[in-house]
Each structure stands twice: as C-alpha cells, then as structure tokens.
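Read the structure below first, then the notes.
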Amino acid sequence: MVSTNGKLLRVENLVMYFATLRGPVQAVDGVDFELGVNRAVVILGESGCGKSSLAKAILRLLPRNIARYSGRIFLHDRDVMQLSDEEFRQNIRWVEMSLVPQAAMNALNPVLRVGDQVAEPAMIHMGMSKAEALEAARTMFQRVGVAEDFLTRYPFELSGGMRQRVALAMALVTLPSLVILDEPTSALDLLTQANIFNTLKRIKKELGTSFILITHDIATSSELADDVAVMYAGQIVETGEAKDFFPDPLHPYSKMLMASVPRLRADQDPQFITGQPPSLISPPSGCRFAERCPARFEKCSEEPPVIEKDGRKVRCWLYA
Amino acid sequence: MVIEAPSRIKPEMDQREVLLSIQNLHVWYELRRFGFGIVGYVRAVDNVNFDLHLGEAVAVVGESGCGKSTLMKTILGLVKPRQGQVIFEGKDIAQADSATLKWYRSQVGYIQQDPYGALPPFMSVRRILEEPLVIAGVKSRQERLERIHRVMEEVKLYPVEDFLGKFPHMLSGGQQQRVVIARAMILNPKLIVADEPVSMLDASVRVEILKLLRGLQESHHLSFIYITHDLSTVKYFSERIFVMYAGKLVEQSPIGELLKNPLHPYTHALLSATSDPDARNALSFREVPPGEPPSLVKPPTGCRFHPRCSQMIQGLCEVEDPPEFTPVPDHRVACWLHKESGGD
C-alpha cells in the first residue's frame, strides 16, 4: 500500500481465538495490514474465513468465549490495544471507529424512532444534548440520502435500502475517521446496492472517512476499494492496491477466487474451487491453502513467508 | 386495455413443444381491514404472458417485490390466480382438482433459496429424499433406495452411504443445496423452478452449483425457470430472460440479444448497476434511476416505471399502459419508446 498520506490504522499480528469444547478456534491468526487516511480496504474471503471476526477484533467487540486476544492496533500512531476497556469504549469506539454490522437493517430497534436511534451514539459518545444530537442526525440523514421527515418514523415504515442508510447514518453521526462495513449490501436489491455504493463513495469524498469493507461479493466490492486484502482460514494471504489486484491477483487462492466471479461483460467461464476450507480448530501446518492449491509443491508443507513484491504482499512460496 | 393472447410467431423456437403456457395471468392478494371487507388488492402479478418450451431454461429477473416470487408460487400451484391460466401439458393448473394437482406436483420440482431453511432439521438425508417417493406411491423399499442412490450420485453427493444418515446441520451450505436439488429431481420432473438457488452460497460454491444445475438441465432435457436478481449469472444458465418490474413482464428476449441490446430503460438500469470486478469502478458513480419500486396496491398509472424513467414521454407514458412491441424478432418489450420500431 503505497500512500503519501500518513497511516490511519496499522494492525500487527492480531490474534483472536474462541474457546470451544473441541479446542480454540483460530478465527483471526496473525493478521497484519495497514490502511491510509481516506482510503477503503476491502477484505475478501469465503464465509468462515474470519472476516467478521477480524472486524470484531479491531473494534474489541469480544464474545464471552474469547480464548486469546493479542497483537497491536495503531490508530493515528497510538496503540489502542494498551487502553483499558473503558478508555477504549469512551475514546475509540464510535468516536474514532464505528461499525455497520451485518444485516444492520434488521438490527434497528423496532420500538424507537429511527432519528432517536441515530442520535443516541452522538449523545453517549460526543456528550451532545438531545437537541444537538438530533440536529447531527438530521445532517447525517441528508448525507446518506434519507429524507428528513423519516427522522420520526419507525424502522418498519422504511424499506430495506432506507434502513441500511439509517444504519450507515448511525455509524457516521459521530464523524469517526474509520467505518467498518460488514456485508453492507448483501441483503439488498441490485439498484439499491448500486445506490448505497454511490452514497459511500460520496461520503468518502466529502467527509474523508476511511472504510474497511468486509464482503464476499467481489464484483461489488470493487466499487469502493482502493486496497484489497484476501483472507483465508484466519490469515491474510494477499494485500495490494485494487488497481493491481483485480487484473492480476498473485496468490493461487486469490486467482481462483477471482476466476469464480461470474462476469457480465466478459465471456470467460467461471471456475470453482474444489474442496473445503480447513477447520480453524486444527488448521494444517504449513500453507493453509496447500490442500486445495493447484500449484503446491514440497515447500508448501512449511509455513510460507510474507513476500513483498512491487508494493504488494503475498503469503506464498511461489514468490519466495 | 385489450388483452391479447401471446403471439406464437417464433419460428425456430416453436419447433419445440410448449410445456408451460402462462396466459393473461393476474395474481392479486386481497387487502382486508379487521379481517373482513376488502379494501384493496396487491397486484403482485398483472397480465403476464409467456410460453416455456420443453427443455428450455429461462431466467426471471427483477428486484424484490416485483412479483417474481408470486409468479413462481402460481406456477407451482401454491397460489390461485385471480384471472388467467397456467397451462401445463394442456391442463389448466389454476383450476385443477386435487388429483391433477398431485400429478402436477410430481412433474414440477422446486429448489428453494435458503437450503438450510428448506430442509427439515429432524430428518436425515435419506428420509428427506424418501418422502416424495412415498407420497408419489412408490411401494417398494428397494426401488426407493435405488432411486435415492441414483439421484444422489447425480447431484454428486458421494459416497452416498456417508450422506444417507446425516442431518441437514451436519452438511455444508453447498451440500445442503445439493440435497435440495436431489429432492427436486427425485420424481423425474419435467420442469424445475429454482428461486435464487445460489444467492445464499459462497462465491466459489455458487459456480459449482450453477454448473451442476446446468448439467442436470441439459442431460435430463428439463425445462427450467431460474429466478434471480443477479444478472451476471444469468447468461451461464439460461437461453431466454424475462425482466419483471412491479408485477409486469417488461422485456423478454434471448439472453445474448438482451445483454447486447437492452430495450427497456429498466433493463438498462439493471445492466448498468451490475458491477464486474474492476478497480476503475471506484472512480465513478453508477447511474441509478431515482426512487424505489412502486407500491403494488396503487401502482402508477400507465407504464409503472414512468416515475423513475429518464426517457419518459409526457402525455403518453403516464396515461396509457404500454403494450408489447417486437422491434427485433424474439425480443419483446413493453415500452412506448419502441412503438415506431414495429408494433404488434
């Protein structure tokens, strides 16, 4: 990621394991990545590869059965992992980074007016009065393209696309520098989806917000992405700029993932990846993709190094 | 408006036998107040006509709420139309008695969208697949088992013995969807209706399942109705495409022709909103028609797309419902923009 801007977020060796009866699930296992100011990184991967867990790990939204949580997260060059839970809640969550959770449109409280719900984070985290917070909510509604008179409506009175915009307004109302979007449009219609991505692009331009977009929809993700990180079995296997990644992915898994995307405007036959991702309870030693990889060789039984190549990073022996 | 019968002037298509013919179909849901007194209707499907040939795969594309699921349910005989016919091999399913319906249901397979929701959690794969056979009156246990084995091999759930005793929660999403497909196929139907069969699956598995369905469709010479909102998968799957908007069929065409030459402004919008993975996408905004699909309780007068259409003709589009025009052979569109280019 070559960027003249300073780095907004730097994640180093982030680890999050869940305790289960059969042993710890290594959902996030040694993740490193960086994100520049006013950039968007998309994290691609199949379900169960740990993408949503990564979002939760960055925001320190830990489930009760956490077995291990370590690593370093620098936000504006400040290691937020050193903060206590209370400091993190007061100064980081919503203030600096916020989350639009998966299926956020269905996560709104059905018995509260959406305006009040959007105002709430501003009151709690920014110490605004109710009137100020409602004003902030009103401004944010305009930004995300929801009519002002919707402030006093209840979630059931809004369509799916509108509710998704409300969830987005809620994440943005405190003007954080980073918003994490977990599958923001997967339940929405095509035109609504295109509309929401237009809104996200505009917000990125106008407010200078950075985004982490978590999705398995590769085609749509290219609407917002400056950078791409591919995740497989709890690890990031490739990072790079979108303009390099989309035409020419490096890691064999990224290549196969890209080849599986049906395309409207090209005639190549989409391919599928045979086999299943490995269990995260006892992942194979060496490269975790080796079992499904068409290019594997003897080396692959050893843990692959992260290779830097023209500003891109890939975790694969082929490039060593 | 005068309702015309579907035209049958498709020379090369017509050599195949018509399996299913939808004529003048209206499906309206009643809106009641306090349980009595009809206060209005939801016009979920409004005057839809098409023919489906034996061995033909068609895709129905549209946004949620456009009536595509209602159309599917009517075809499956689950919803009774208010008006119009669903003719399958010469029998009108909309008016059929229960014996005909029972026969009909053995001729039509249904592949649900969410495989986990579609499979009963308390039944093993074997029982799930055996049930349709029992209902269809296959008495011999041996024959039932043989047919289960055959269909599971066809959907590539092997080794079969390993899967027979498993329950749905023990299977991956792709395997669950294979069981759903096996269940739809087990009575050797002539027609399969698939409602977003891959939308809940991962990208890599999605292609695998689509290829499996395509393979089954070709080898068994099945007629196939593929309901989806994902235009990028359509061309790998079907020969013709129907575009639905607000309860109406606005455009129908062979797939290659539609992708090259979309005629309806709505189809245009759908195509331009579909992304291919390309870093340049992030640099520009997509053109999206303003607004949202209309309420089907009080649909707009005239063309139902006119409030969102950038090419609306004042004094025509908001007044009169556009009939179907055929500007290109086999390519029909319900839009006034094409009235000059060859009417009905």
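Values in this text are rule-based calculations from the coordinates and carry no lab data. Because the structure is a prediction, the values reported are computed rather than measured. Neighbour counts are summed over all protein chains in view; Cβ atoms, including those assigned to glycine, are modelled from backbone coordinates with ideal geometry.
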So, with +1 on the Cβ of K and R and -1 on the Cβ of D and E, and no other charges, what is the size of the charge dipole of the protein assembly as shown about its Cα centre, to the nearest 20 debye?
1160
Pick out which of B:P120, B:P159, B:P294 has the largest mean-square fluctuation in a Gaussian network model of chain B, springs linking Cα atoms closer than 10 Å.
B:P159
Is any helix in chain A, taking whole DSSP H runs, at least 24 angstrom long along its axis by alpha carbon and on average at least -1.0 on the Kyte-Doolittle scale, and which ones?
A:190-207
Using +1 at the Cβ of each Lys and Arg and -1 at the Cβ of each Asp and Glu in the protein assembly as shown, identify which of A:G240, A:S84, B:P265 lies farthest towards the dipole's positive end.
A:S84
Mean-square fluctuation check for chain A, GNM, Cα pairs under 10 Å: which of A:A194, A:A103, A:A57 is largest?
A:A194
When the charge dipole of chain A is computed with +1 on Lys and Arg Cβ and -1 on Asp and Glu Cβ about the Cα centre, the Cα farthest towards its positive end, among A:A19, A:P176, A:S47, belongs to A:A19
Sorted from fewest to most neighbouring beta carbons within 10 Å, what does the list B:C317, B:C66 look like?
B:C317, B:C66
Magnitude of the charge dipole, region B:168-208, Cβ model with Lys/Arg +1 and Asp/Glu -1, debye to 20
200
On the formula 1/(1 + (r/R0)^6), with r taken between the Cβ atoms of B:E131 and A:N65 and R0 of 22 Å, the FRET efficiency rounded to 0.05 is 0.05
Under a Cβ-Cβ cut-off of 15 Å, what is the net charge of the residues other than A:V95 that fall near it, where Lys and Arg count +1 and Asp and Glu count -1?
-1
Using θ = phi - 60° and the Karplus form 6.51 cos²θ - 1.76 cosθ + 1.60, what ³J(HN,Hα) does each residue of region A:221-230 get, whole Hz, x for Gly and Pro?
4, 5, 5, 10, 6, 8, 10, 10, 10, 9
Divide the volume of the convex hull of the Cα atoms of the protein assembly as shown by its number of residues and quote the answer in cubic angstrom per residue.
184
Given Cβ point charges of +1 (Lys, Arg) and -1 (Asp, Glu) and nothing else, what value in debye, to the nearest 20, does the dipole of region A:97-175 about its Cα centre take?
160
Any chance you could check the Cα centroid distance between region A:183-243 and region B:165-216 for me, in angstrom?
28
Reachable lysines, given that their alpha-carbon falls under 29 Å from the alpha-carbon of B:K91 and they are not under 8 places away in the same chain:
B:K10, B:K68, B:K73, B:K80, B:K102, B:K139, B:K190, B:K248
Radius of gyration and Dmax over the Cα atoms of chain A, both given in Å
20.1, 66
Quick note on A:C316, A:C287, ordering by fewest other C-beta atoms within 10 Å, gives A:C316, A:C287
Amide H contacts under 5 Å for A:L8, restricted to residues at least 5 apart in sequence or on another chain and with H modeled in the peptide plane, are A:L35, A:G36, A:V37
Gyration tensor (alpha-carbon) shape descriptor, region B:226-329, a/c threshold 1.5
oblate
Give the average, rounded to an integer, of partner chain Cβ atoms located within 10 angstrom of each Cβ in A:271-281.
3
Total Lys pairs in region A:190-312 closer than 27 Å by alpha-carbon, pairs eight or more apart in sequence or interchain only?
9
Taking every residue in A:219-225, how many Cβ atoms of other protein chains lie within 10 Å of its Cβ, on average?
6
What distance in nm separates the simple spin-label points at B:A96 and A:F74, each placed 7 Å from Cα in the Cβ direction?
6.9
Share of antiparallel DSSP beta bridges in chain A, in percent to the nearest 5?
60
At R0 = 30 Å the Cβ-Cβ FRET efficiency linking B:V138 and A:T274, nearest 0.05, sits at 0.30
Rel. contact order, % - alpha carbon contacts under 8 angstrom, at least six apart, region A:97-175
46
Mind checking A:256-268 for the average number of partner chain beta-carbons within 10 Å of each residue's beta-carbon?
5
With the crude spin-label approximation of a point 7 Å out along Cα→Cβ, what separation in nm comes out for A:S84 versus B:Y236?
5.4
If neighbour count is taken as other Cβ atoms inside 10 Å, put B:Y104, B:Y29 in order from fewest to most.
B:Y29, B:Y104
Most mobile of B:H264, B:H26, B:H220 in a GNM of chain B (Cα contacts under 10 Å):
B:H220
